[in-house]
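Taking it in order: structure first as structure tokens, then the write-up.
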Amino acid sequence: MGEALDRVAQAIVTAASDEDAIAAIAKLLDIEEKVAADAIYHSSLRELRPANAERLLRRVEQHSSQQE
């Protein structure tokens, strides 16, 4: 995630809406489920640090399982 942060930030800055930002994140990170991109979009910057990747992955998985 750390190396993709600049691209994710650019996708968010240029998005016309929340939905566009989420779709761009899903495409950038090759995430099939939009709920995973949604979890990333609504994460705090602290969660995006590479050292916190495991915590973010658990959050994404939890968010995905809640949507199923």
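The values are calculated or read from the model by the stated rules, or taken from the named source; none is laboratory data. Because the structure is a prediction, the values reported are computed rather than measured. Here the Cβ is made from the backbone with ideal geometry for all residues, glycine too, and neighbour counts use every protein chain on show. Side chains included, ligands, DNA and RNA excluded: accessible areas come from the protein's heavy atoms. Shrake-Rupley method; radii C 1.70, N 1.55, O 1.52, S 1.80 Å.
With each label modelled as a point 7 angstrom along the Cα→C-beta vector, the Val13-Leu29 pair spans 1.9 nm.
Highest mean packing first, where packing is the average number of other Cβ atoms within 10 Å per residue, the peptides 15-25, 48-58 line up as 15-25, 48-58. Only protein atoms count toward the accessible area here, which uses a 1.4 Å probe; on the range 15-62, the carbon and sulfur part of that area reaches 49 percent.
For His42 and Leu5 in the same chain, what is the full-extension length gain: residue separation times 0.36 nm, less their Cα-Cα distance, in nm? Could you put the intermediate results ahead of the total?
Working: separation 37, 0.36 × 37 = 13.32 nm, distance 1.39 nm.
Length gained between His42 and Leu5: 11.9 nm.
Coupling constants for the range 9-26 follow from the phi torsions by the Karplus curve (6.51 cos²θ - 1.76 cosθ + 1.60, θ = phi - 60°), and in residue order they are 4, 4, 5, 5, 4, 8, 6, 7, 8, 4, 4, 5, 5, 5, 5, 5, 5, 4 Hz; glycine and proline get x. Applying 0.36 nm per residue to the separation of Asn52 and Gln66 and subtracting their alpha-carbon distance, the gain on full extension is 2.9 nm. The HN-Hα couplings worked out from phi for the range 51-58 by the Karplus form 6.51 cos²θ - 1.76 cosθ + 1.60 (θ = phi - 60°) are 5, 9, 4, 4, 5, 5, 4, 4 Hz, whole numbers, x standing for Gly and Pro.
Taking N as the number of residues in the chain, what is its Cα Rg relative to 2.2 N^0.38 Å?
1.02
With K and R counted +1 and D and E -1, the other residues having a Cβ less than 13 Å from that of Leu5 yield a net charge of 0.
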